[in-house]
1. Rank these for me by crowding, T165, T50, going from fewest to most other beta carbons within 10 Å.
2. Find out how many positive minus negative residues lie around N108, taking Lys and Arg as positive, Asp and Glu as negative, among other residues whose Cβ is under 11 Å from that of N108.
3. How far apart, in nm, are two points set 7 Å out from the Cα along the Cα-to-Cβ line at R117 and at V187?
4. Working from Cα positions, state the angle (0 to 90°, nearest 10) between the long axis of helix 2-22 and the longest principal axis of the chain.
5. Would you mind ranking M138, M1, M152 so that the residue whose beta carbon has the fewest other beta carbons within 10 Å leads the list?
6. Compute the helix-to-body angle for 200-224: its Cα long axis versus the longest principal axis of the chain, expressed 0 to 90° and rounded to tens.
7. How high is the relative contact order of the chain, in percent, counting Cα pairs under 8 Å that sit 6 or more residues apart?
8. Comparing A100, A129, A190, which has the greatest mean-square fluctuation in the GNM of the chain with Cα pairs linked when under 10 Å apart?
Amino acid sequence: MLPNMITLAALFGGFYAIVMAMNGRFDLATVGILCAMVLDSLDGRVARMTNTQSAFGEQMDSLSDMVSFGAAPALIAYVWGLKGLGRWGWIAAFVYCACAALRLARFNVNTAVVDKRYFQGLPSPAAAALVTGFIWIMMENAIDPQSVAWWMFAVALFSGLTMVTNVPFYSFKDMHMKKTVPFVSLVLVALGIAVVNIDPPTVLFAIFVGYGLSGYAIYIWRKAKGQPTSMISTSTDEPEERGLHQ
């Protein structure tokens, strides 16, 4: 029950964002997506910690992600800035939405063969963060949506197409919350929270952009080192991954 309740709460965040965008409250729409991101990062961890993983929960999570990080950001971006571009605007919104669906479907079928240390393509929550983060920072600076409509077009296309690439993005799944960490790590977390509070829209959007570009940096670095760039599992840390790289 607990992880499914968290998933439903994340779904509500996406639905809330759509309703707020329809009412012109784009500030609250971006908050809805950010809350859905936080909740989406918790449901899987809670399921594993309470040993309540289920096939139903996995499917529920994917459907929730499609609404919160696929349809919702596309509709918010269209209503906020892409609408003025005519057919180009709804094409960009649809490409983003379609890529989110393709990304989630590929994730579901490749779970057993992809190296768990990396995502294959930009994860949909990060793509949604790029789109809504751009809207948030523009609103905070009182910038007219029509004056940056083509920038919104570029952000939507970049976010959408990056989701369906084979570029590796670090997943942070090898970080275990139960292990002890050095005291300096807690200090760095506190400093990070303080920096974010200086100017949340700017700092968070910078983090989103950095992560969105990090995959390409990893790809180029691995290519330069002669290492495989495919995220089909190359580790043997887990029993089900043994032999997949041969």
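1. In increasing order of surrounding Cβ atoms, one gets T50, T165.
2. Result for the local shell: -1.
3. The two pseudo-label positions are separated by 2.8 nm.
4. The helix 2-22 is inclined about 20 degrees to the chain.
5. M1, M138, M152
6. Long axis of 200-224 versus the principal axis of the chain: about 50 degrees.
7. Computed value for the chain: 20 percent relative contact order.
8. Comparing A100, A129, A190 in the GNM, the peak value goes to A190.
No value in this document is a laboratory result; all are computed from the given coordinates. The shown structure was predicted, so the numbers you read here are calculated from the model rather than taken from an experiment. Positions of Cβ are backbone-derived with ideal geometry, glycine not excepted, and every protein chain shown enters the neighbour counts.
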